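The values are calculated or read from the model by the stated rules, or taken from the named source; none is laboratory data. No experiment lies behind these values; they were computed from the predicted model shown. Glycine also receives a Cβ, built like all others from the backbone with ideal geometry; neighbour counts cover every protein chain displayed. With ligands, DNA and RNA removed, areas are computed over all heavy atoms of the protein, side chains included. Shrake-Rupley method; radii C 1.70, N 1.55, O 1.52, S 1.80 Å.
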Protein chains: 6
Amino acid sequence: MIQVTKRVEFCAAHRYANPRWSEEENRRVFGKCGNVHGHNYILEVTVEGEPSPDTGMVMDLKALKDLIIEAVVDRFDHKDLNQDVPYFKEKNPTPENLAVVIWELLEARLEGRQGHRLHRIRLHENGSFFVDYYGEHAGHAERI
Amino acid sequence: MIQVTKRVEFCAAHRYANPRWSEEENRRVFGKCGNVHGHNYILEVTVEGEPSPDTGMVMDLKALKDLIIEAVVDRFDHKDLNQDVPYFKEKNPTPENLAVVIWELLEARLEGRQGHRLHRIRLHENGSFFVDYYGEHAGHAERI
Amino acid sequence: MIQVTKRVEFCAAHRYANPRWSEEENRRVFGKCGNVHGHNYILEVTVEGEPSPDTGMVMDLKALKDLIIEAVVDRFDHKDLNQDVPYFKEKNPTPENLAVVIWELLEARLEGRQGHRLHRIRLHENGSFFVDYYGEHAGHAERI
Amino acid sequence: MIQVTKRVEFCAAHRYANPRWSEEENRRVFGKCGNVHGHNYILEVTVEGEPSPDTGMVMDLKALKDLIIEAVVDRFDHKDLNQDVPYFKEKNPTPENLAVVIWELLEARLEGRQGHRLHRIRLHENGSFFVDYYGEHAGHAERI
Amino acid sequence: MIQVTKRVEFCAAHRYANPRWSEEENRRVFGKCGNVHGHNYILEVTVEGEPSPDTGMVMDLKALKDLIIEAVVDRFDHKDLNQDVPYFKEKNPTPENLAVVIWELLEARLEGRQGHRLHRIRLHENGSFFVDYYGEHAGHAERI
Amino acid sequence: MIQVTKRVEFCAAHRYANPRWSEEENRRVFGKCGNVHGHNYILEVTVEGEPSPDTGMVMDLKALKDLIIEAVVDRFDHKDLNQDVPYFKEKNPTPENLAVVIWELLEARLEGRQGHRLHRIRLHENGSFFVDYYGEHAGHAERI
């Protein structure tokens, strides 16, 4: 088994807010993260599988890139996550929640393919903070 | 003469728009940059001078950092440039225009100090685009 | 479960020495690493947990940063590890030993908090060498 | 247990081809990757073990570097992988296949040593694509 | 005047050789650089001009990127510079010579445009070596 | 004219002190920089010249690297600048002063060679601070 990781970038705006809280509570908890601001997100998508004996590749790299562009980048790049993405009307657009959504978007597209599966979503919000999500598979606890 | 460069980061949202243009014209020229989105801006401030014989420094590094934080980072970090910064009601918040504003904010604060002067503003919008501004000094054309 | 990673930097001096060895033995084993020198250490602290339904965060990012500054950075930054940190009177200040100490300092502060736990310490000594430490939890062997 | 990772670089040319396929089939599957081109490969070798109580190190860092240079860098650096490396007469020189070869070259040299073992090969082909290989040890599935 | 810099990547193979020299002379001067190998080249193109009062941009960034892709990347990416680029039948494909060619390819396409001009080509061969070329304009010596 | 830049790394310890000042004055001015600490310095050496028609190179890259290793890296790497380098008994080991010394060490070795000359020393103390020094040539002010 080999893991292959493709890295892409998208730029988006967001603000932190819990719609069930008062403005004061939001301000107290989220501070300046409650202002509209933005990031260059760096997304790393890891797919795991056996390399094909014919191609020596776990997955065609161009197909993987196209799939990430279509499912993720075209959806979030140059967008205001709170305003433009219905999912974040309800959920706070933290990197944690964003990573889970990205997992779901990509897993749905990778599921039917043979010989590999989505392994990890790593999302960098800036040069000093990133999150990792490995999905909710059985055996997750033993796998990290 | 030695040049010293300090690098800081700030996160902001923006959208490109010319208020004198129709929506169609804005969309045609700016494309997806006309949507609210955001960046982790990396700012590099270069100050030029002779190192002090007493300290071996062109300028106290902590003083330079504090000055950049006060004049620039506190003003733009975790902000929506179009909404929160009056200057960008009129001017499009491109890195070019942002670099000129940052130059003006910093030069005003560095002017009275002896032995060094602002040399360059470099502003990275993301990992593949940055701008440089050297001010409008006499002799600028000969100096780079 | 999601893992969040915060990155900070600290600058320190050190030299390699085993106080139970002769000077010749130290020189033979450690070579130029036995001279006083220094590094910009890059520390990555990973905390694992479920994002809060209220905030969408595994842990408040500012609280995590403050905790790392107080427990680690203020202790090691701009220090001579051999001279200024009692722990390294006995232990050689290798990245391996430093990572274990940092784990212990942070775990003690994170233990009582609900919903997350320290997952990994990654410490970069320079651009081409880093170490990872995952603590000594039961089940460690199965977890990476 | 601590993991230590050493990073080195080597520059090589390659082209993708399956010798059992027609030229058309190769062109259809591999596209421009079928042309001779090249990369600066960044290799990260991770070794796992207990730090020695005498040295505080999992493995002498210079010995690890020398071993990587001798086994890997001297073999692949400034080479055309397809022409100069017999192994890639048969196997397509993808990062996946390259990582497996590098694992085998290093594991053979690390095997007899006490107290540590090869843990992971990470190979970056460029700034946006890398692969990970953890070998085929029993218990691999539980370890990642 | 503001300078804007766009960064792109291309991957190519090359080998150093002087066709007027004997094999021994080539081997003696170029050593392992005489073997076919390759690099991920990072190209930074700098264009200088006054930002447009309408757009706040020195040059439309997408137009600049498209022009670089068409003139440079499509010509050199996934190529063997010695075999596939006629210019390098005669000239050694060093970064120095490559930078001059890239200057000429881009300047020809930028010349007719108003309000900006090509300022610098920076070409990184790997993480520790790059070259800068500023063209051969009158006044070059005073401008850097 | 083309400029070629070679990047190397060295690790050193230092502390800021003015031997003519009282301990209190040193503490007041230099703060925690007065403690022994250290850095991974990244040095970029730029040499300017015409590429040789025979080799296409401004200067043989291996010769440049060897010269930097001999003149600079072997002198400062894995050293305590204040204790081990006589020059810094008198001068404060700031990056500014270090850049000037490095210039002098390299210029003396490059002077006799034909067709190129030292253009710039850039020295990074860490990921957010660097200095540039262009020597004291006649015409310096016009050249940067």
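Excluding ligands, DNA and RNA and using a 1.4 Å probe, chains B and E jointly bury around 2000 Å² of accessible surface, summed across both partners. Relative to the Cα centre, the charge distribution of chain A, modelled as +1 at Lys and Arg Cβ and -1 at Asp and Glu Cβ, gives a dipole magnitude of about 300 debye.
Across region A:108-114, coupling constants 3J(HN,Hα) worked out from phi with the 6.51/-1.76/1.60 Karplus curve, θ = phi - 60°, read 4, 7, 9, 3, x, 7, 8 Hz, and Gly and Pro carry x. The figure for D:Ser52 is an accessible area of roughly 40 square angstrom, using a 1.4 Å probe on the protein chains alone. Three semi-axes describe the equivalent ellipsoid of the protein assembly as shown; taken as square roots of 5 times the Cα gyration tensor eigenvalues and ordered largest first, they are 36, 34, 34 Å. Shielding of peptide C:21-32 by partners, expressed as the average count of other chain Cβ atoms within 10 Å per residue Cβ, is 2. Classify region D:76-134 from the C-alpha gyration tensor, please: rounded if a/c falls under 1.5, else prolate or oblate depending on whether a/b exceeds b/c. Taking the square roots of the gyration eigenvalues as a ≥ b ≥ c, region D:76-134 is oblate. Couplings 3J(HN,Hα) of region F:73-80, computed from phi: 5, 4, 7, 10, 5, 6, 10, 9 Hz, in residue order, whole Hz [Karplus 6.51 cos²θ - 1.76 cosθ + 1.60, θ = phi - 60°; x for Gly and Pro].
DSSP beta bridges confined to the protein assembly as shown are antiparallel in about 95 percent of cases.
The charge dipole of the protein assembly as shown, taken about its Cα centre with unit charges on the Cβ of Lys, Arg, Asp and Glu (plus for the first two, minus for the last two), comes to roughly 0 debye. Compared with the alpha-carbon gap, the fully stretched path from B:Tyr87 to B:Asp60 is longer by 6.7 nm at 0.36 nm per residue. Averaged over peptide B:119-131, the number of partner chain Cβ atoms lying within 10 Å of each residue's Cβ comes to 5.
Once you reduce region A:22-78 and region B:70-98 to the center of their Cα atoms, the two points are 27 Å from each other. Count Lys and Arg as plus one, Asp and Glu as minus one, and take only other residues whose Cβ is under 9 Å from that of B:Ile121; the net charge is then 0.
How much net charge surrounds A:Gly38 when only other residues with a Cβ under 15 Å from its Cβ are counted (Lys, Arg +1; Asp, Glu -1)?
Combined, the nearby Lys, Arg, Asp and Glu give -4.
A dipole drawn for region E:2-143 from +1 and -1 charges on Cβ atoms has a positive end, and of E:Thr5, E:Asn92, E:Val47 the residue lying farthest that way is E:Asn92.
Can you pull the Rg over Rh of chain E, Cα-only, Kirkwood? Please report the intermediate quantities before stating the final value.
Values: Rg = 16.8 Å, Rh = 16.4 Å.
My calculation puts Rg/Rh at 1.03.
In the context of the full protein assembly, F:Asp84 retains an accessible surface of approximately 80 Å², using a probe radius of 1.4 Å and ignoring ligands and nucleic acids. Take every DSSP beta bridge whose two residues both sit in chain F, then give the antiparallel share in percent to the nearest 5. Counting only bridges with both partners in chain F, antiparallel ones make up about 95 percent. All other residues with a Cβ under 14 Å from the Cβ of A:Val47 taken together, and with Lys, Arg as +1 and Asp, Glu as -1, what is their net charge? So the environment of A:Val47 carries a net charge of 0.
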